[in-house]
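The next block holds one structure in the form of structure tokens; read it before the comments.
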Amino acid sequence: MDIFNNWQIIAKGWYIVCPSQTLRHGQAKSITLCGQKIVVFRGQDGKVRALHAYCPHLGTDLGLGQVEGNWIRCNFHRWAFDETGKCRHIPCQSTIPSKAKLASYATAEKYGFIWVFPEAIAPNDLPEFDELQGKKLIIQADKVFERKCHHHICMMNGIDAQHLKTVHHLDIKMDLSLRQNESGTQIDFTMKGNVPNTTFRESLIHYFLGETYEYSMRYDNGCIGLLTIMKNVRFFPPLHMIYAYTPLPSLQADGVNPELSKIRIQPIYVTAKRPGIMGYLVSHFLLFCTRLAYYFLRHEDGLIYDNIKFKPNILLSVDKPLAHYINYVNHLEPSAWSRQRKTG
């Protein structure tokens, strides 16, 4: 079974739960993530845990429970569970049934958000920008919004060279270079080309940015996109933004209804923290420029992706990046949250 554009499958990867600041010490909340009900809670040590939300005893929502130390206790019959999902205490008896266990999920806090991986152990950390590794960061999150198509379709927008001319009116012939990690979970697309000087928009780019334009997209597990623009241009350092995608499958008794399914997109702007007052002003100016660039792209592309019925019957040579991306996604691993597992 193909994974690409398939609402039945939730690939292994990092998915946003909520902003970090909204989960206080000793607080628990249950949420629906990728069609699954999970509970997240912050223990006494400050670490966030995530479990399947329903108590294995009678199915009470653990989001109604209390956090005790680094455990969560059910609000109904007071069963207590640790971060691995194992029941540690039942008030009415001393023995604990072997089946008194919940699925547990890896968590991380980065870029101002709590993230959950749909397995107990995550093989990879959250992705980073190469240019920002080891640096202190300033983060700005924009408003979350939704689209009426699968996130695999939206994610290809950044590597669709044709639409630079047809939608954004930038006639830049882009050369593609690819790099993929050993596990196959992360792939980098770098696009580079010469900027013509025929239209007014192109002339502005040519004057302010230079004769060549380069940008890169880093895809992680088919659900996070790291876009770096303004690479190796005049006047500007690179600008960085993250697109975090969460599928919202419309679940039915016999599967998923693609017509009613949507995705949630969380844009996050990232830049290096610079020292001093001038550094503060520069960093926030760059975040402002990143936001402007994002809204420029989002406005011109949004109508298309809210009305698309994607079917790649005819791919041209210029669509080579799209073909690479589809192949990359189809080699990802389905998670336990999938309605159907990959076979063959």
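The values are calculated or read from the model by the stated rules, or taken from the named source; none is laboratory data. This one's a predicted model, so the numbers in the text were calculated from it and none came from an experiment. So basically every Cβ, Gly included, is an ideal-geometry build from the backbone, and we count neighbours across all protein chains shown.
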Practice task
Can you confirm whether segment 332-340 contains a residue that is surrounded by 12 or more Cβ atoms within 10 Å (Cβ to Cβ), under 22 Å from the mean Cα position of the chain (by Cα) and under 30 Å from Gly134 (Cβ atoms)?
Solution key: yes
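Residues Leu137, Leu164, Leu126, Leu176: which one is surrounded by 16 or more Cβ atoms within 10 Å (Cβ to Cβ) and either closer than 19 Å to Ile308 by Cα or at pLDDT below 95 (or both)? Don't jump to the end; show me each part of the working.
Working: Leu137 fails: either closer than 19 Å to Ile308 by Cα or at pLDDT below 95 (or both); Leu126 fails: either closer than 19 Å to Ile308 by Cα or at pLDDT below 95 (or both); Leu176 fails: surrounded by 16 or more Cβ atoms within 10 Å (Cβ to Cβ).
Answer to the check: Leu164.
So that you can scan it fast, the table gives a plain yes or no per residue for (1) touching a strand residue (DSSP E or B) at 6+ places or on another chain (Cβ under 7 Å); (2) without any contact (Cβ under 8 Å) to a residue 12 or more places away in the chain; (3) surrounded by fewer than 19 Cβ atoms within 10 Å (Cβ to Cβ); (4) not in a loop (DSSP other than H, G, I, E, B):
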{"position": "Phe4", "(1), (2), (3), (4)": "no, no, no, no"}
{"position": "Gln8", "(1), (2), (3), (4)": "yes, no, yes, no"}
{"position": "Phe41", "(1), (2), (3), (4)": "yes, no, no, yes"}
{"position": "Leu51", "(1), (2), (3), (4)": "yes, no, no, yes"}
{"position": "His77", "(1), (2), (3), (4)": "no, no, yes, no"}
{"position": "Pro97", "(1), (2), (3), (4)": "no, yes, yes, no"}
{"position": "Ala106", "(1), (2), (3), (4)": "yes, no, yes, yes"}
{"position": "Glu109", "(1), (2), (3), (4)": "yes, no, yes, yes"}
Handout entry: Set Ala272, Ala253: member being touching a residue at least 24 places away in the same chain (Cβ under 8 Å), surrounded by fewer than 21 Cβ atoms within 10 Å (Cβ to Cβ) and of a type in the set (Gly, Ala, Ser)
Key = Ala272
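Kindly evaluate Tyr245 against the criterion of being modelled with pLDDT of 95 or more, touching a Lys or Arg at 6+ places or on another chain (Cβ under 9 Å), surrounded by 14 or more Cβ atoms within 10 Å (Cβ to Cβ) and farther than 30 Å from Ser338 by Cβ. Step through it out loud before you land on a result.
Values: modelled with pLDDT of 95 or more: yes; touching a Lys or Arg at 6+ places or on another chain (Cβ under 9 Å): yes; surrounded by 14 or more Cβ atoms within 10 Å (Cβ to Cβ): yes; farther than 30 Å from Ser338 by Cβ: no.
Judged against the criteria, Tyr245 is not a match.
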Exercise for the section: Report, by residue number, each residue of segment 125-165 that is in a loop (DSSP other than H, G, I, E, B) and more than 23 Å from Ala11 (Cβ to Cβ). Expected result: Gln133, Gly134, Lys135, Lys136, Asp142, Lys143
Practice task
All but one of (1) closer than 25 Å to Val329 by Cβ; (2) crowded, with 17+ Cβ neighbours inside 10 Å hold for Leu260, so report the exception by its number.
Solution key: (2)
Fill in the blank from the handout: Just one listed residue, out of Trp115, Trp71, Trp14, is farther than 27 Å from Val329 by Cβ and either of a type in the set (S, T, N, Q) or modelled with pLDDT of 95 or more (or both), and it is Trp71
Problem - Selection status of Gly225, under 20 Å from the mean Cα position of the chain (by Cα), modelled with pLDDT under 90 and within 19 Å of Phe296 (Cα to Cα) - result: no
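Looking only at segment 1-31, how many residues end up being under 25 Å from Phe310 (Cβ atoms) and either over 15 Å from the mean Cα position of the chain (by Cα) or not hydrophobic (A, V, I, L, M, F, W, C) (or both)?
Going through segment 1-31 one residue at a time, the tally reaches 12.
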Exercise for the section: Could you tell me whether any residue of segment 289-303 is part of a strand (DSSP E or B), under 30 Å from Gln8 (Cβ atoms), assigned by TED's automatic domain parsing to the domain that holds Asp160 and touching a residue at least 40 places away in the same chain (Cβ under 8 Å)? Expected result: no
Handout entry: segment 53-75: number of residues that are in contact with a Phe, Trp or Tyr (Cβ under 7 Å, 6 or more places away or on another chain), farther than 12 Å from Leu102 by Cα and part of a loop (DSSP other than H, G, I, E, B)
Key = 2
Exercise for the section: Would you confirm whether any residue within segment 245-256 is of a type in the set (D, E, K, R) and assigned to a loop (DSSP other than H, G, I, E, B)? Expected result: yes
Exercise for the section: Determine, yes or no, whether Val270 is within 19 Å of Met217 (Cα to Cα), in a strand (DSSP E or B) and assigned by TED's automatic domain parsing to the domain that holds Met155. Expected result: yes
Exercise for the section: Hey, can you tell me all the residues within segment 211-235 that are in a loop (DSSP other than H, G, I, E, B) and exposed (fewer than 15 other Cβ atoms within 10 Å of the Cβ)? Expected result: Glu211, Asn232, Arg234, Phe235
Exercise for the section: Report the residue count in segment 117-165 for those that are free of Cβ contacts under 8 Å to residues at least 24 places away in the same chain and small (Gly, Ala, Ser). Expected result: 1
